[in-house]
Amino acid sequence: MEPRRIEVLVPMRWGDMDAYGHINNVQIVRILEEARIAAFGPPSGAGLPGVEPPAALFNDVEEGTMTLVVEHKVRYVRTLDYRNIPAVVEIWLGAIKGASFDLHYVIKDPVTLEDCVKATTHLAFVAEATGRVLRLTPAQKEKLQRYKA
């Protein structure tokens, strides 16, 4: 399968705005989270099943495994103005290491399609019982590789 980006539409909420009518920087990280869950599924055990994500990964991990954010990097290219329509988020895989991986995002203005935010999230699977980082399985790496750009 050829690597590809996943496109997700994430609603902007009225309460996400700052005093200037832009989406607040803190809410940008929430939009990244919403895009990540829409693209790769909710962590195992979180809520009831819903729409199958394009790349079911997080909901396929072993019982007792947490998917944790290690680091976020966010670059604000231009302001994302509040609009009563969802923001367009493209998400894809970057580096896939032995025990962690990077997700890359671009948040676009839904009308102009201009890039507003470029971000990266470094993630790892962690054993809930011990707090130890788990190595990625060959099956997980294969699934991730399909979305590597």
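Some observations on this one:
- Checked against (1) within 15 Å of residue 37 (Cα to Cα); (2) at pLDDT 95 or above, residue 111 passes all but a single condition, namely (1).
- Among the residues of segment 8-36, just one is of a type in the set (Asp, Glu), over 26 Å from residue 147 (Cβ atoms) and assigned to a helix (DSSP H, G or I), namely 16.
- Pair list, Cβ < 8 Å and 6+ apart or interchain, from segment 120-149 residues that are within 14 Å of residue 64 (Cβ to Cβ) to residues that are in a helix (DSSP H, G or I): 125/140
- In segment 65-86, the residues that are on the phi < 0 side of the Ramachandran plot reach residues that are assigned to a loop (DSSP other than H, G, I, E, B) and loosely packed, with under 14 Cβ neighbours inside 10 Å with C-beta atoms within less than 7 angstrom, at least six apart or across chains, in these pairs: 65/128; 66/128; 78/114; 81/21; 82/21; 83/111; 86/11.
Let's see how each residue does on (1) closer than 17 Å to residue 30 by Cβ; (2) at pLDDT 90 or above; (3) in contact with a helix residue (DSSP H, G or I) (Cβ under 9 Å, 6 or more places away or on another chain); (4) not small (Gly, Ala, Ser):
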site: 61; (1), (2), (3), (4): no, no, yes, yes
site: 78; (1), (2), (3), (4): no, yes, no, yes
site: 87; (1), (2), (3), (4): yes, yes, yes, no
site: 105; (1), (2), (3), (4): yes, yes, yes, yes
site: 117; (1), (2), (3), (4): yes, yes, yes, yes
site: 131; (1), (2), (3), (4): no, yes, no, no
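- Among (1) in contact with a Ser or Thr (Cβ under 9 Å, 6 or more places away or on another chain); (2) under 19 Å from residue 149 (Cβ atoms) - the single one residue 96 does not satisfy: (1)
The values are calculated or read from the model by the stated rules, or taken from the named source; none is laboratory data. It should be emphasised that the depicted structure is a prediction, and the values quoted were computed from it without experimental measurement. Glycine gets a Cβ as well: all are built from the backbone with ideal geometry, and neighbour counts include every protein chain shown.
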